[in-house]
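Below is one structure, written out as structure tokens; the observations come after it.
The values are calculated or read from the model by the stated rules, or taken from the named source; none is laboratory data. Remember, predicted model here, so these are calculated numbers, not experimental data. Here the Cβ is made from the backbone with ideal geometry for all residues, glycine too, and neighbour counts use every protein chain on show.
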Amino acid sequence: MRDLELLAPARTADIGIAAIGCGADAVYIAGPAFGARQAAGNSVSDIGRLCVHAHRFGARIFATLNTIIYDTELEQAYRMMEELQDAGVDAIIIQDMALSPAGLQLSGAVPGLKIPLHASTQCAIRTPEKAKFLERLGFSRLILERELSLRQIREIRNAVGCELEFFVHGALCVCYSGQCYISEAIAGRSANRGACIQACRSRYDLTDETGRVLVKDKPLLSLKDYNLKQRLEALAGAGIASFKIEGRLKNASYVKNIVREYSLALDALIEAHPDLYRRASAGKVSGGFTPAPEKTFNRGYTELFLDERRGPWASPEAATSIGEAVGRAVRVAGDGSSFSVRPVREGLRLGNGDGLCFVNGRNEVVGFRADVCDGFHVRCKPVAGLADGIMLYRNMDMAFERELENDMPARQVTVELTVRIEHGTLAVTAETEDGRICRKSVGEGCETARNAGNMKKTIMTQLCKTSGIYVFNVKPFEAESLPFLPVSAVNALRRSLAETLDSMPCHTRPLYHGKVEPDIMTSGPLSGTYVTYKDNIANHAAGNLMKALGASETEPAYELSRKPDAELMRTRYCIRYQWGRCPKVHKQSWPARLFLENNGSRFSLEFDCHRCEMIVKH
């Protein structure tokens, strides 16, 4: 029996709590610093509050400490690891090898650290060899590259014994994770430091060596969003244990909606294979809103390279979410302050405050608020460029947002109660679905009930109620005589059982703990290897580790060296293929040397056709 984990993002502790309420088995969240999303930091005390809530259901909290660390920051990073452990965090996600289990062992830092360490997707894990290397360094879990196929995942699964995690939903970086330096090159803001400017979402002209414009003003590096909801069974079969949703900058409504959608899909998978899989945490989620992913931020969806097939991966018109199509504008007022909508489907409803948008003639997304909706007639502030026949999209459905806010599902833990009569008292043993057991009794010194049947009915009725997160079910019992108990006493017994269960740790399978391979420092796994800037060595502790592992030489991270001829991006996505100009596939092709131009910046494109990869350089 294998545990399957749905892993949700959280910008804040409250969003993390909402994610657990919607069915997440684990949540990943940033601490005060060193998270790969600078705008999503949280205090250690807030993370501790989230841990307390999560652990009631056996859900896990993983803290992200997944940036590269400079020498002046190492001591702060070490302290933060200790603080996060003390706050109750179950594992820490890291990128910098100074913070790896082997790195900590070599430096002697953080000797009291006992929780597992997970290798971030920023570690660029896309081969069995890299995966095995990181497992030997002591990582308990590897978060794989998004660009992998099922075949490649299976190869990695066969090479290592640690846990594997894979993204299943959300935004896609066009570059291999952890090896994108274009933001640093343009603005001095490193993606590996959590400060990415998202240059891949910018608009570019594509030109050839003569300066001829082949494609003008398009988001040529912007990919659609990942959506693998229909592929969870295949991923589980390939060895994935944790299904990760991207979105630590997303709002609460996004997280609730997507987590609920994937939790239901994971439940269906487990129901179809009850002898193979189970959820990694306790508690059944029921009721509440009906998820609708199409109503939540997305750039269109793709399964990327999962089946080793190329396709239209990019979002060529707009790098932002335009939402669901609602219909075409008709009878537009001259200033764009009123219009009607010819809907694209039956049953569509518009509401006051809905967010609408359209793509104008310059391929820009123009958004506005529908102030008053009378059926399909809309009044709003004047909108420039709105004209008859334009397709309108809804990127904010106010009725759905209210539903997400006000109709949360309930997550409850089932408890079976066994009732016995012992020496004239009512003795009740409670056992939760995750195996916690406690025992309480009531009625000592009470008179015997004159009507045992009525007393039994009262006991059954009052015990079979919900207290806090616990749903109590009483097993059938027989008793010729029962103590006379007022309703208040039975209710107090039920609440006491709930309080005691809350004080007990939820029984879940312990997380996998990796171990540093005993002879890794003497076996020289990097013997003679030249460690390049792509390994992101930004401090002396990481450099010392590479040398101890046998590296002949180590280049400093790009953020420190600004290597002139560095690859700013290497990606499986190819502009020539996307636009039907691949020389290996299409009849027409573009030159072998192309350029991206934006606001005075010019980048050259190279094509490694043997590996089917595209390279971006200054």
Query raised in the report: Taking the condition outside any strand (DSSP E or B) and either in contact with a Ser or Thr (Cβ under 7 Å, 6 or more places away or on another chain) or under 27 Å from LEU220 (Cβ atoms) (or both), does GLY385 pass?
Result: yes
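Listed here are the residues, each with its yes/no results for (1) part of a strand (DSSP E or B); (2) among the hydrophobic types (A, V, I, L, M, F, W, C); (3) touching a residue at least 24 places away in the same chain (Cβ under 8 Å).
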| position | (1), (2), (3) |
| --- | --- |
| VAL326 | yes, yes, yes |
| GLY336 | no, no, yes |
| LEU348 | no, yes, no |
| PHE368 | yes, yes, no |
| LYS381 | no, no, yes |
| GLU405 | no, no, yes |
| ARG411 | yes, no, yes |
Query raised in the report: Quick one: would you say GLU401 is within 35 Å of the chain's Cα centre (by Cα), part of a strand (DSSP E or B) and within 30 Å of ALA54 (Cβ to Cβ)?
Result: no
Requested in this report: Residue by residue through segment 426-457, note down the ones that are part of a loop (DSSP other than H, G, I, E, B), touching a residue at least 40 places away in the same chain (Cβ under 8 Å) and in contact with a helix residue (DSSP H, G or I) (Cβ under 9 Å, 6 or more places away or on another chain).
Outcome: ARG436, GLY443
Report summary line: Listed by first then second residue, the pairs whose first member lies in segment 486-500 and is assigned to a helix (DSSP H, G or I), whose partner is β-branched (Val, Ile, Thr), with beta carbons under 6 Å and at least 6 positions apart or on separate chains, are ALA489/VAL442; VAL490/ILE459; LEU493/VAL442
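So, of the residues in segment 367-387 that are under 15 Å from VAL344 (Cα atoms) and of a type outside the set (Gly, Ala, Ser), which turns out to be surrounded by the most Cβ atoms within 10 Å (Cβ to Cβ)? Step through it out loud before you land on a result.
Our first condition is that a residue be under 15 Å from VAL344 (Cα atoms); within segment 367-387, this holds for 375-377.
Next cut, of a type outside the set (Gly, Ala, Ser) only: 376-377.
Numbers: PHE376: 16, HIS377: 13.
Here the answer is PHE376.
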Query raised in the report: modelled with pLDDT of 95 or more, buried (at least 17 other Cβ atoms within 10 Å of the Cβ) and over 19 Å from the mean Cα position of the chain (by Cα), is that true of ILE69?
Result: yes
**Report entry** segment 113-124: number of residues that are within 18 Å of ALA557 (Cβ to Cβ), among the aliphatic types (A, V, I, L, M) and not in a strand (DSSP E or B)
**Finding:** 1
Query raised in the report: Looking only at segment 200-218, which residues are among the basic types (Lys, Arg) and either over 31 Å from the mean Cα position of the chain (by Cα) or not in a loop (DSSP other than H, G, I, E, B) (or both)?
Result: ARG201, ARG212, LYS216, LYS218
Query raised in the report: Does segment 90-99 include one or more residues that are closer than 30 Å to GLY237 by Cα, outside any helix (DSSP H, G or I) and touching a helix residue (DSSP H, G or I) at 6+ places or on another chain (Cβ under 7 Å)?
Result: yes
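Based on what the data block shows, is MET504 within 33 Å of the chain's Cα centre (by Cα), over 30 Å from GLY453 (Cα atoms), surrounded by fewer than 16 Cβ atoms within 10 Å (Cβ to Cβ) and of a type in the set (A, V, I, L, M)?
Values: within 33 Å of the chain's Cα centre (by Cα): yes; over 30 Å from GLY453 (Cα atoms): yes; surrounded by fewer than 16 Cβ atoms within 10 Å (Cβ to Cβ): yes; of a type in the set (A, V, I, L, M): yes.
Criteria met by MET504.
If a residue must be charged (D, E, K, R), surrounded by 15 or more Cβ atoms within 10 Å (Cβ to Cβ) and assigned to a loop (DSSP other than H, G, I, E, B), how many such residues does segment 275-316 contain?
3
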Requested in this report: Pick out the one residue from GLY524, GLY514 that is small (Gly, Ala, Ser) and under 30 Å from GLY283 (Cβ atoms).
Outcome: GLY514
Requested in this report: Could you identify the single residue in ARG189, ARG248 that is without any contact (Cβ under 8 Å) to a residue 40 or more places away in the chain and not in a helix (DSSP H, G or I)?
Outcome: ARG189
Requested in this report: Please go through segment 219-240 and pick out each residue that is more than 27 Å from CYS180 (Cα to Cα) and part of a loop (DSSP other than H, G, I, E, B).
Outcome: GLY239
Query raised in the report: Here is a list of conditions, (1) within 33 Å of the chain's Cα centre (by Cα); (2) more than 27 Å from ALA333 (Cβ to Cβ); (3) surrounded by 14 or more Cβ atoms within 10 Å (Cβ to Cβ); (4) not charged (D, E, K, R), and ILE421 meets all of them except one; can you say which number that is?
Result: (1)
**Report entry** Members of segment 559-609 found to be closer than 23 Å to ASP535 by Cα and part of a loop (DSSP other than H, G, I, E, B), listed by number
**Finding:** ARG562, LYS563, PRO564, ASP565, ALA566, GLU567, LEU568, ARG572, TYR573
Report task. Starting from segment 209-236, keep only residues that are acidic (Asp, Glu), then list their pairs with residues that are assigned to a helix (DSSP H, G or I) whose Cβ atoms are within a distance under 6 Å, requiring at least 6 positions of separation or different chains. Result -> GLU233/LEU269
Report summary line: Going through segment 116-143 in order, the residues found to be touching a residue at least 60 places away in the same chain (Cβ under 8 Å), touching a strand residue (DSSP E or B) at 6+ places or on another chain (Cβ under 6 Å) and of a type outside the set (Gly, Ala, Ser) are PRO116, LEU117, PHE139, ARG141, ILE143
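Quick test for you: out of ILE270, ILE258, pick the one residue that is assigned by TED's automatic domain parsing to the domain that holds GLY31, more than 19 Å from the chain's Cα centre (by Cα) and part of a helix (DSSP H, G or I). First the steps, then the outcome.
On the way: ILE258 fails: more than 19 Å from the chain's Cα centre (by Cα).
The conditions single out ILE270.
When the residues of segment 126-172 are filtered to those that are assigned to a loop (DSSP other than H, G, I, E, B) and basic (Lys, Arg), which remaining residue is farthest from ALA265 (Cα to Cα)?
Quick first cut of segment 126-172, residues assigned to a loop (DSSP other than H, G, I, E, B) only: 126-127, 137-140, 144-149, 160-162, 171-172.
With basic (Lys, Arg) added as a condition, the list becomes 126, 146.
Details: ARG126: 26, ARG146: 20 Å.
Checked segment 126-172; the qualifying residue farthest from ALA265 (Cα to Cα) is ARG126.
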Report task. Inspect segment 24-47 for any residue being in contact with a strand residue (DSSP E or B) (Cβ under 7 Å, 6 or more places away or on another chain), modelled with pLDDT of 95 or more, outside any loop (DSSP other than H, G, I, E, B) and surrounded by fewer than 24 Cβ atoms within 10 Å (Cβ to Cβ) and give the result as yes or no. Result -> no
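Pick from segment 501-537 the residues that are part of a helix (DSSP H, G or I) and among the β-branched types (Val, Ile, Thr): which of them is farthest from GLU431 (Cα to Cα)? Working first, answer last.
Kept after step one, since they are part of a helix (DSSP H, G or I), are these residues of segment 501-537: 501-502, 520-523, 533-535.
In the following step, the residues that additionally are among the β-branched types (Val, Ile, Thr) were identified as 520, 522.
Values: ILE520: 45, THR522: 50 Å.
Looking at residues that are part of a helix (DSSP H, G or I) and among the β-branched types (Val, Ile, Thr), I get THR522.
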**Report entry** Pairs, first without any contact (Cβ under 8 Å) to a residue 12 or more places away in the chain in segment 153-177, second buried (at least 20 other Cβ atoms within 10 Å of the Cβ), C-beta under 7 Å, six or more apart
**Finding:** none
Query raised in the report: Which one of GLY528, GLY514, GLY524 is within 30 Å of MET546 (Cβ to Cβ) and touching a Pro at 6+ places or on another chain (Cβ under 7 Å)?
Result: GLY514
Requested in this report: Determine whether ALA333 is over 29 Å from ARG576 (Cα atoms), loosely packed, with under 14 Cβ neighbours inside 10 Å, in contact with a Phe, Trp or Tyr (Cβ under 7 Å, 6 or more places away or on another chain) and modelled with pLDDT of 95 or more.
Outcome: yes
